[in-house]
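Participant: One structure, pasted below without further comment.
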Amino acid sequence: MYTLYSMRRSGNCYKVRLALAQLDIPHELIEIDILKGETRTPEFLAMNPSGHVPLLEVAPGRHVAESNAILWYIAGHTPLFPDDRADRAEMLQWMFFEQHSLEPNLGAAYFWLALVKGGRELQSHALEDWLQEGYRALGVMEKHLATRRFFAAGRYSIADIALYAYTHLAHQCDFDLASFPAVRGWLRRIEAQPGHVAMDWQPQMAAAQ
């Protein structure tokens with residue numbers, strides 16, 4: 001059984017928890033608080049030298065890091081992973097876009113504005129850039145979704161999960177989606193997917209611990 005090291009309020013960690021829930025994959029969930037330095041201990045760094053969550057233990061002593069790499073690993077040969085090679089490339093294209101254009105802006109704004117006490121004052125110099133570049137990324141998404149229901153392969157996939165994680169938190173970090181109707185409609189479609197769980201959801205096994 002997999003073991004997932006995760007922080008409940010992290011969008012990157014939520015991606016993996018959402019995919020595991022929708023695929024009904026049993027796993028043990030271990031909560032890690034990055035704000036308390038729990039990813040910087042010698043024990044954690046031995047598992048993932050970059051000191052980041054999420055981290056998935058796929059076999060004793062073997063770990064997969066980076067949220068989108070974990071999505072790729074767990075979703076293979078499932079309905080969240082298209083069979084066609086070009087469809088897979090399109091899916092991967094949007095997962096790269098998420099990490100390059102969306103997460104560094106919406107994700108950074110969410111971390112400092114919603115999670116870190118006093119973060120707005122500490123990062124006031126960066127907020128304007130995050131908003132400008134974040135809105136640019138949302139504009140790309142809006143244009144794509146204006147004629148499509150999902151991001152790749154004409155159906156729901158891990159590309160949607162990757163992009164959903166921080167986009168659905170936009171309202172918590174100064175982004176206004178009022179002028180992005182296609183993105184808002186897409187968010188509603190993601191939330192209507194079978195097995196969808198909210199960010200604060202925990203599997204019964206973890207909740208019972």
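The values are calculated or read from the model by the stated rules, or taken from the named source; none is laboratory data. Quick caveat, the model's predicted, so the values are computed rather than measured. Cβ coordinates were reconstructed from backbone atoms using ideal geometry, including for glycine residues, and neighbour counts include every protein chain displayed.
Participant: MET141: part of a loop (DSSP other than H, G, I, E, B) and either within 20 Å of GLU98 (Cβ to Cβ) or of a type in the set (A, V, I, L, M, F, W, C) (or both), yes or no?
Facilitator: no
Participant: Determine, yes or no, whether HIS144 is at positive phi and either under 14 Å from the mean Cα position of the chain (by Cα) or not hydrophobic (A, V, I, L, M, F, W, C) (or both).
Facilitator: No, not satisfied.
Participant: Looking at (1) buried (at least 19 other Cβ atoms within 10 Å of the Cβ); (2) part of a helix (DSSP H, G or I); (3) outside the structural domain of ILE34 (by TED's automatic domain parsing); (4) touching a Lys or Arg at 6+ places or on another chain (Cβ under 8 Å), which is the one condition that is false for PHE150?
Facilitator: For PHE150, the exception is condition (2).
Table: residues versus (1) under 26 Å from GLU66 (Cα atoms); (2) β-branched (Val, Ile, Thr); (3) without any contact (Cβ under 8 Å) to a residue 12 or more places away in the chain.
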| position | (1), (2), (3) |
| --- | --- |
| LEU138 | yes, no, no |
| ARG148 | no, no, yes |
| ILE158 | yes, yes, no |
| PHE180 | no, no, no |
| VAL183 | yes, yes, no |
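Participant: Would you pick out the residues in the range 136-157 that are more than 29 Å from HIS77 (Cβ to Cβ) and charged (D, E, K, R)?
Facilitator: Of everything in the range 136-157, those that are more than 29 Å from HIS77 (Cβ to Cβ) and charged (D, E, K, R) turn out to be ARG136, GLU142, LYS143.
Participant: Residues that are buried (at least 20 other Cβ atoms within 10 Å of the Cβ) and in contact (Cβ under 8 Å) with a residue 60 or more places away in the chain: list the strands (runs of 3 or more DSSP E) wholly contained in the range 13-99 that include at least 1 such residues.
Facilitator: 27-31
Participant: Only one of HIS63, HIS27, HIS77 is in contact with an Asp or Glu (Cβ under 7 Å, 6 or more places away or on another chain) and over 24 Å from PHE111 (Cα atoms); which?
Facilitator: Going through HIS63, HIS27, HIS77 in turn, just one is in contact with an Asp or Glu (Cβ under 7 Å, 6 or more places away or on another chain) and over 24 Å from PHE111 (Cα atoms): HIS63.
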